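The values are calculated or read from the model by the stated rules, or taken from the named source; none is laboratory data. Worth saying up front: this structure is predicted, and the values here are computed from it rather than measured. Cβ placement follows ideal geometry from the backbone for every residue including glycine, while neighbour counts extend to all protein chains displayed. Areas reflect the complete protein model, heavy atoms only, side chains present, ligands, DNA and RNA absent. Shrake-Rupley method; radii C 1.70, N 1.55, O 1.52, S 1.80 Å.
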Amino acid sequence: KQILHDVSGTAHPGKVLAVMGPSGSGKTTLLNVLGGRIKCSRCQATIGNQPLTKRTRRNISYVLQQDIFFPNLTLLQTLSFAADLRLPEHLSQKDKREIVDGLIEQLDMKKCTKTIIGDNMSRGLSGGEKKRANIANELLTDPAVLLLDEPTSGLDSSTAFALTLSLKKYAVQSGKTVMMTIHQPNAQMFFQFDTVLLLSGGRVAYYGAPNDVIKDFAEMGYACDTTHYNPADFIRDVCFIKNKFSSCSSTALGSKEKMDVEISNGKIHQPEVYERYRSKGNIASCHFQWQLSSCQISVVCGRCLTSFFTQFKVLTQRSFIQGKYRFLSKLKFIKTIGVALICGLLWFQIGRGHVKEVEVNDITSCLFFVTLFNSFNSLFDILMVFPSEREVINKERMSGSYRLSAYYLAKSVSELPLSIILPSISTFIIYWMAGLNGFNEAWAFFGTWFVMILITIGMQSLGMFIGTATMDFDHSLVLAIFMMITFMLLGGFYIKNIPSWLHWMRYVSPFQYSWALMLYFEFDSNQRVLCDPENSMYPSYVPAWACVCSLIGTLIFFRVIGYVLLRMFHK
């Protein structure tokens, strides 16, 4: 449905414009249109007398209502990484650090620079501090226009008032234009605004100075008792009750079936139709102008201010720091070491000396279980990474911080060293406690370890593919379990006599190749067990070199497909 109807106005440098109105009046939609988050072919907006294009929108920063950050990064790390990604490369690290320190001091956040952002599970910054961090993150690029979607939402009155004063101070001192939506300001906050744009039902109900609102509404027959009523609450309630300014006829507003409000010099006048800006379709319609001095406008060519290499380097560092908390938690160490010790005790020294026939099945079971344990751990560790980071990535990419390819490659590379630590620990403990290969050849141990790393990274790639394909925990969990169970059954351990018409499916399972390689390192490296080359229970369908190539191919294939899906469906 059509949300905005001929909304028009002008925002001035060095001043704060507040967009008010009851819920559903179109406040956030207006900001989304002006910030480029919603495409509108019939909307007209200019910034410094220049049309609002992708390039000129770089002079506009949008502070979302939700404070979306990586929870395990500190405030200083968050702003430093954002500065490295969003500021021009010709600036030195010293200059970028000075900009970050200046914003931290300007927004009074010095005391919490080393505090993590936090989330529902871990304590971090307070609500007000997160709001300031959100604003500081957008002020890094020194925008000419700052848009804020309900920055005081969820804050107590004193914190909200302090934040409003900070925004007012910033607008005056920097000469920038600040436009914010606000739902329910108190009287102190209301009179800090330079201009108020009141919306009702997607139409303009009032546009002017807050000091004139009482007089103007009184002239229309809506008197406000300021001794008992907050003027901001009063004008909002007047708009809300039966939607008087858009659907009810009144003497002051005129009796027309559909009302259009024209604004001139900050006053409400009798409605006149804006024929040249009227929306003819079911889309938003607005006409807005930012009055800015020419020195404030800088048209930037290209989408990103930094090169692919810089983005890759910064994102790799950030992903590594963020990933440490997920891969190297105490609970995961306890789980991995605990399971490895139990396996080592159950299969204790089973591979030492000459292996008996009854012990062969136990050794193969040990190898297959270790493969499954590390594979499931790797897959489920990465499964929810992309869905959980989607909001942060969408926010940063909407501001043009980096390319999607740089993020995906950095994510893949940064977590490789982290993802092999726990599988290496479990493999080392089980291998030596179980006495696999009889401790006869060191290369057999390193070969087993190498295969374990390959299958672990391969299952991590599968998890990345599933996560990007679904972007939903329930769906990804179902798909992951289905694929892993299929790979397990085709791995050659549970069933060896697959029907001939399904024989080709065994080559789909990565476990088929990893298990074949481990059996080779365990039994074919010495003369402890001699298998019948014709009727062996453990036939080798694929040579060792082909198994290694298949595991590497699995790793690359799922990562490439994951990126393609991310690019196609989750831009």
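General observations
- Charge-dipole axis of segment 315-569 as Lys and Arg at +1 and Asp and Glu at -1 on Cβ define it, positive-most pick from VAL370, SER414, TRP545: SER414
- Most positive-pole-ward Cα, ILE321, LEU479, SER514, against dipole of segment 315-569 from beta carbon charges: ILE321
- Long-range HN-HN contacts of VAL19 with modeled amide H, under 5 Å: MET180, THR181, ILE182, LEU197
- For segment 315-569, the Cα-based Rg and Dmax, in that order, read 19.4, 65 Å.
- Proximal charge balance of GLY14 [Cβ under 13 Å; K/R count +1, D/E count -1]: +3
- Residue (of MET459, ILE430, GLY351) at the positive-pole extreme of segment 315-569, dipole from beta-carbon charges: MET459
- Unsatisfied cross-links (Cα-Cα over 25 Å) in the set LYS335/LYS395; LYS111/LYS131; LYS176/LYS313: LYS335/LYS395; LYS176/LYS313
- Projecting label points 7 angstrom from Cα along Cα→Cβ for LEU341 and TRP432 puts them 1.5 nm apart.
- Rolling a 1.4 angstrom probe over the protein heavy atoms with all chains in place gives segment 315-569 an accessible area of 46 Å² per residue.
- Of the accessible area of segment 315-569, computed with a 1.4 Å probe over protein heavy atoms only, carbon and sulfur atoms account for 70 percent.
- In sequence order, calculated HN-Hα J values of segment 91-103 (Karplus, 6.51, -1.76, 1.60; Hz; x Gly/Pro): 6, 6, 4, 5, 5, 5, 5, 5, 5, 5, 4, x, 5
- Averaging the Cα positions of each part gives two centres, and for segment 457-523 and segment 366-395 these lie 15 Å apart.
- Total charge dipole magnitude, segment 315-569, about the Cα centre, Cβ charges on Lys, Arg, Asp, Glu only, Debye to nearest 20: 900
- Working from label points 7 Å from Cα in the Cα-to-Cβ sense, the ASN186 to LEU416 distance is 5.6 nm.
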